[in-house]
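Some notes on the structure that comes next.
The values are calculated or read from the model by the stated rules, or taken from the named source; none is laboratory data. From a predicted model like this one, the values you see are computed outputs, not experimental measurements. Neighbour counts are summed over all protein chains in view; Cβ atoms, including those assigned to glycine, are modelled from backbone coordinates with ideal geometry. We work out accessible area using only protein heavy atoms, side chains counted, and drop any ligands, DNA or RNA first. Shrake-Rupley method; radii C 1.70, N 1.55, O 1.52, S 1.80 Å.
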Amino acid sequence: MSKWYRENAPITADQLADELMRLKRGSVTRRHFLGVTGLGLATAVLARQPGLFNSTAFAGDLGTQMSIATWPNYHDPATFEAFQAATGVAVEVNVFGSNEEMLAKLQAGGTGWDLFVPTNYTISTYVKLGLIDELDLSKLANYDASTETARFTNEGIVDGKTYAVPKNWGTTGIAVNSAKIKKPVTSWKEFFEIAMTEGDGRAMVHDYQLTTIGNSLGYSFNSIKPDELAKAEELLIKVKPHLYAINSDYQPSMRATDAWMTMCWTNDGAQLNRDMPEILFTLGKDGGEIWSDFYAIPKSAANKAAGYALLNYLMAPENAMKEHIANGAPTTDSRVMKLLPVDVTSNKIVYPDEAALTPLEFGAAVTLTDPGRAELMARFKSA
């Protein structure tokens, strides 16, 4: 502890700036910083540091480690590095390929997650099963419900209580390496046909029943009707020998050109097209998925203080803007939209025309736990 503090001398602006830089570099603890500067003064200064400590969520001991469960290629590593520099908390990232996986892990207990990223249609089930907390919005000073687009955010509220806040929204479409597959792919019907012909051995589908079954149905994306599921299974079993892989983390294979075509989420489509312009992304004119992802805190979270701290950090528009630029998924927050560069907001992969969204459906809660779909997916994968 410094001599000037031991002697109770008033802290100067230069000393405060020096201590703040030491905190950001990680050379002192947050507790040291608050003690040296004085809590009242620190609070005033930190309120002027966007996304740093401008929430009561940062009060108290955050520990040194926390865990988030999320999706492949979905965050900018620099975000978590900046959060660690600001708080001293390292973020462990757990990646999943389906909401069914996330649900099974939470039901089994002991996940270690302090924050996770569920999709819109799953939240009511998590609430019903008592697996997630109602959020204390007083700890999320950076979240503003009034700037969110209701179309993509309503499902975070169950019975008038907020259990999840939005991360971003997107679509599930088709990514095609146009240097390898010359025939245009504009529908899911064409996707499966080309997977068995020009794209034989080079196509991928998700390891995720919602999209793999939904996109193969030719009916409602969310159908649980036995006769319609039987027809979907017939197609999937037929196409199985022609696939390169069943995997929700398809970017590595597409980048290596081992795979030429895949089911693809918006953010992956934007990233692939940015780095390899020959990889085109299109939405199926015969239907498919529109989705929104949320942040939620499990009841079983061991470090809820850090979970709130990271969530509040991610809700700050300037931090969310960097995340959206890096991961390519469209924002639900008008504050973030105003900060995004024109080349992002004008990108039709990220922000498609409304007409392209019209055939798409949000996932339905019933599909998450429907045994018919679960059994179909299991038979398909083991075939």
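Residue-by-condition table, conditions (1) at pLDDT below 95; (2) over 30 Å from Ser253 (Cβ atoms):
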{"position": "Ala141", "(1), (2)": "no, yes"}
{"position": "Ala150", "(1), (2)": "yes, yes"}
{"position": "Val158", "(1), (2)": "no, yes"}
{"position": "Thr162", "(1), (2)": "no, yes"}
{"position": "Trp169", "(1), (2)": "no, no"}
{"position": "Ser178", "(1), (2)": "no, no"}
{"position": "Val185", "(1), (2)": "no, no"}
{"position": "Trp188", "(1), (2)": "no, no"}
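Of all residues in the range 125-183, how many are outside any loop (DSSP other than H, G, I, E, B) and open to solvent by less than 60 Å² (accessible area, probe 1.4 Å)?
Final tally of qualifying residues: 25.
Can you confirm whether the range 189-211 contains a residue that is touching a Pro at 6+ places or on another chain (Cβ under 7 Å) and within 16 Å of Asp293 (Cα to Cα)? Scanning the range 189-211, I find no residue that is touching a Pro at 6+ places or on another chain (Cβ under 7 Å) and within 16 Å of Asp293 (Cα to Cα), so the answer is no.
Of the residues making up the range 257-269, at least one is open to solvent by 20 Å² or more (accessible area, probe 1.4 Å), part of a loop (DSSP other than H, G, I, E, B) and touching a helix residue (DSSP H, G or I) at 6+ places or on another chain (Cβ under 9 Å). Meeting the requirement of 1 or more residues that are open to solvent by 60 Å² or more (accessible area, probe 1.4 Å), among the aliphatic types (A, V, I, L, M) and more than 29 Å from Leu106 (Cβ to Cβ), the helices (runs of 4 or more DSSP H) wholly within the range 321-383 are 334-339, 342-345, 354-357. Against the list (1) in contact with an Asp or Glu (Cβ under 6 Å, 6 or more places away or on another chain); (2) without any contact (Cβ under 8 Å) to a residue 40 or more places away in the chain; (3) charged (D, E, K, R), the condition Asp76 fails is (2). I'd like to check something: does the range 296-309 contain any residue that is modelled with pLDDT of 95 or more, farther than 23 Å from Asp200 by Cβ and more than 25 Å from the chain's Cα centre (by Cα)? Within the range 296-309, none of the residues are modelled with pLDDT of 95 or more, farther than 23 Å from Asp200 by Cβ and more than 25 Å from the chain's Cα centre (by Cα).
Of all residues being among the acidic types (Asp, Glu) and out of contact with any helix residue (DSSP H, G or I) (no Cβ under 9 Å at 6 or more places or on another chain) in the range 200-236, which is least open to solvent (accessible area, probe 1.4 Å)? Just the residue, please.
Taking the range 200-236 first, the residues among the acidic types (Asp, Glu) are 200, 207, 227-228, 233-234.
Next, from what is left, pick out any that are out of contact with any helix residue (DSSP H, G or I) (no Cβ under 9 Å at 6 or more places or on another chain): 227-228, 234.
On the way: Asp227: 93, Glu228: 24, Glu234: 131 Å².
Restricting to residues being among the acidic types (Asp, Glu) and out of contact with any helix residue (DSSP H, G or I) (no Cβ under 9 Å at 6 or more places or on another chain), the top hit is Glu228.
Looking across the range 203-221, the residues that are under 18 Å from Trp260 (Cα atoms) and out of contact with any His (no Cβ under 9 Å at 6 or more places or on another chain) come down to Met204, Val205, His206, Asp207. Of all residues in the range 88-108, those satisfying the criterion of being open to solvent by 20 Å² or more (accessible area, probe 1.4 Å), touching a residue at least 40 places away in the same chain (Cβ under 8 Å) and closer than 18 Å to Asn303 by Cα are Gly88, Val91.
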